[in-house]
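Working notes for the structure below.
The values are calculated or read from the model by the stated rules, or taken from the named source; none is laboratory data. Computed from a predicted structure; not experimentally measured. Cβ placement follows ideal geometry from the backbone for every residue including glycine, while neighbour counts extend to all protein chains displayed. Note: accessible area is taken over every heavy atom of the protein model, side chains too, but ligands, DNA and RNA are not part of it. Shrake-Rupley method; radii C 1.70, N 1.55, O 1.52, S 1.80 Å.
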There are 2 protein chains.
Amino acid sequence: MVSIVDIAKECGVTPSTVSRALNGKDGVSEALRDKIIKTSVDLGYESNEKARWLATKESRQIGLILPDITSPYYAAIAKGVCDYLRPLGYSVLLCNSSRDRHEEKENIKMLQRQRVDGVVVISVTAKEEDLFPLLNSGIKVVAADVEIGPAFSSVVNDNYQGALMLFRHMIKCGSRNIGCILGEAQSQTTVDRLNALKRVLEENSIEFNKDNVVYTDATFENGYKKAKMLISKKIDSLFAINDTVALGVIKYCQDHGINIPHDLKVAGYDDLEIGSMIEVPLTTVHQRKVLLGRKAAELLLQEIKSHSEPLKIVLAPKLTVRSSCGENFL
Amino acid sequence: MVSIVDIAKECGVTPSTVSRALNGKDGVSEALRDKIIKTSVDLGYESNEKARWLATKESRQIGLILPDITSPYYAAIAKGVCDYLRPLGYSVLLCNSSRDRHEEKENIKMLQRQRVDGVVVISVTAKEEDLFPLLNSGIKVVAADVEIGPAFSSVVNDNYQGALMLFRHMIKCGSRNIGCILGEAQSQTTVDRLNALKRVLEENSIEFNKDNVVYTDATFENGYKKAKMLISKKIDSLFAINDTVALGVIKYCQDHGINIPHDLKVAGYDDLEIGSMIEVPLTTVHQRKVLLGRKAAELLLQEIKSHSEPLKIVLAPKLTVRSSCGENFL
DNA sequence: GTGAAAGCGCTAACAA
DNA sequence: TTGTTAGCGCTTTCAC
């Protein structure tokens, strides 16, 4: 493996000159610089980031911790992070935590050992204190998709606004009795969207009926099961916490001859690609997933460069109207 | 950031002793080792992989180049790689190439600069020579999902066998005139599966009709478009090169009142999760995606440790029968 | 404009 | 069993 010493010898100069030349620092004549760059290319030199770290404490590596790379939602965020960072010379260390707090902690340690410059973390399980070790070792942290605490910057989607738009749309489509399949009751996402529902109901003088709301793990299977349960309650509409759950609801309806949107209006959240590919296209809320990842990476880099105060960025979602809630009569 | 020097001072020994103790090498009394380990956790020490590299030339980092992390297929492979490697103390550098050869080359350079120990590459665009720089700088390479050349180990799914099973099943279900929406004509995947079709047709004395075969980009939209085209040709069945394309086909049928499987049998390939969630569950071929990633990582680690000859691992696929091809009458 | 020298945090060969 | 020493490849003062 060729090092700057090889280049130095080849050019009859010292390593320090090569370093200056290659890093675009001044104090090198243009002619020499050209020669050095040329031989570095000829020799197939690629800078050694490991050795460079030792001298500069800059690794040009960013950690990315996420619950499940297999989820299209998180995968899209990961894409945003990677695609933004690569052209800037950063590489990303992917950590798949499997939604497991212990695994998250292990990944955090690993990122410390690898001396990354910063980490983007998406976690529903991690506690604030789990991440302090990173801060204490001088590694910047930005939370994406969900906040982790006042000490950390974050980039999130505006769940309240998104849900507001969606529920208003449903009301306009004629919904009067909306069932909800939500996630964990304590999760901020669930809370925000439920608050939006309450507000919209209030705006329309409809009473909130908490029997129409169930909390569960956000899976396809639970969508199917809970749909069965809620439909027995004479609801005319069903909001699912995400598109995957909505898919479960839709499947249940198809299996039982329930026509969407005629017999039941269905709405999801996230705007996964699949929502537009199915028989009855899903009305949902579009999340700027790739952008969210990009913004998180952007913010992280800023914090790495200038030690700024924690910042919070809220991204505006967009209503995606398809046919699963019927027509907007307004 | 605490270093072994800090631990050494704290314990009143030298850094080399600390190094030996922490790395489980012998030549340290058990009492001292315990003391050193204890203070290392007390001080919150995490080994410095960057400095360690300089001394050992081992980074414990693996590169993963893939076409699109957003694709559920590649994401599952990535999961296999990550989940296998993490407990072994390796981290993975995720490189999203966007199916772009130039981007792949840039990623390769970046992985060289980061001095990774090895890389798993999934690429349909990279040429063999693009990867030689890695080999030449002593970085091991294993191809996953698709082979790249005799110099490289690979782990692939057996496309020929998988397609064989699928087409035999279709024949048993009554298919006599099978249309195909394939990928690029030159791709090995396409070739293997088409050969399987030809063989099965031959087994059943059915003539191969090349007008029933189209080559295209494997997208949902193209599935939709080509379905339209092929259905006009009086086919009774349609094989799509992957489930995403099959979804396009199904959507076209739903939009045009074509009943699956009654009017048209449809089969896909890959067994994406979504295939079981839609109205008419998709018959497809299950690919061991996570296992494929795991095996690739396993093989890579082997090659890193012992300089073995290139190896090829072929994974057996499994037919997943659902209802989109109707019943098996055999 | 260029070179010399020190140092980053670790491991490993050699001494004691 | 432990310490001493050198060195990995780079950057960065400080001289010249």
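Structure values in brief
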item	result
Charge context of residue B:299, other residues only, Cβ under 12 angstrom, K/R +1, D/E -1	+2
Estimated vicinal HN-Hα couplings, Hz - segment A:22-29 in sequence order (Karplus 6.51, -1.76, 1.60; Gly, Pro = x)	5, 9, x, 7, 8, x, 9, 5
For segment A:32-93 versus segment B:272-292, the gap between their alpha-carbon centres in whole angstrom	34
Inter-copy label distances at residue B:204 (7 Å, Cα→Cβ; nm, one decimal)	5.2
Helix axis angle, B:159-172 relative to chain B longest principal axis, alpha carbon, degrees	30
Rounded accessible area of residue A:244 (nearest 10 Å², 1.4 Å probe)	40
Chain A: projected area of the alpha-carbon convex hull, averaged over directions, in nm²	20.7
Estimated distance in nm for a label pair at residue A:204 and residue A:43, the labels positioned 7 Å out from Cα along Cα-to-Cβ	7.2
Summed residue charge, Cβ within 9 Å of residue A:250's Cβ, Lys/Arg positive, Asp/Glu negative	-1
Per DSSP, loop GluC sites (Glu not before Pro) in segment B:152-210 with at most 16 further Cβ within 10 Å	B:184, B:207
Amide H partners (placed H, <5 Å) of residue B:313, local residues excluded	B:154, B:155, B:156
For chain B, share of DSSP beta bridges that run antiparallel, in % to the nearest 5	10
In segment B:252-330, the GluC sites (Glu not before Pro) that fall in loop regions by DSSP, at most 14 other Cβ within 10 Å	B:327
Among the listed pairs A:234/B:225; A:210/A:265; A:295/B:105; B:79/B:305; A:50/A:305, those beyond 28 Å (Cα-Cα)	A:234/B:225
Pseudo-label separations to other copies for residue B:37 - Cα-to-Cβ vector, 7 Å, nm	5.3
For segment A:205-248 versus segment B:116-147, the gap between their alpha-carbon centres in whole angstrom	47
Antiparallel %, DSSP beta bridges [both residues in segment B:162-311], to 5	0
Solvent accessible area, Å² - residue B:165, 1.4 Å probe, full protein context	60
Stretch gain in nm, segment residue A:26-residue A:229, where the contour uses 0.36 nm per residue and the Cα spacing is subtracted	65.9 nm
Out-of-range pairs (alpha-carbon distance over 25 Å; input A:140/A:312; B:198/B:233; A:228/B:228; A:127/A:228)	A:228/B:228; A:127/A:228
Residue with peak Gaussian network fluctuation, chain B [Cα springs, cutoff 10 Å], from B:135, B:292, B:32	B:32
Computed accessible area, residue B:13, all protein chains, 1.4 angstrom probe, square angstrom	40
Net charge of neighbours whose Cβ lies under 10 Å from the Cβ of residue B:174, counting Lys and Arg as +1 and Asp and Glu as -1	+1
Within chain B, helix-based [θ] at 222 nm, where runs of 4 or more DSSP H residues each add -39,500 (n - 2.57), nearest 500	-13500 deg cm²/dmol
Within a Gaussian network of chain B (alpha carbon springs, distance under 10 Å), most fluctuating of B:104, B:147, B:30	B:30
DSSP beta bridge pairing in the protein assembly as shown, given as percent antiparallel to the nearest 5	10
Estimated vicinal HN-Hα couplings, Hz - segment B:283-290 in sequence order (Karplus 6.51, -1.76, 1.60; Gly, Pro = x)	7, 7, 10, 6, 9, 7, 5, 4
Trypsin sites (Lys or Arg not before Pro) restricted to segment B:60-127 and DSSP loop, no more than 16 other C-beta within 10 Å	B:99, B:127
Highest-fluctuation residue, B:75, B:55, B:185 considered, GNM on chain B with Cα pairs under 10 Å	B:55
Candidate residues B:88, A:94: accessible-area rank, largest first, probe 1.4 Å	B:88, A:94
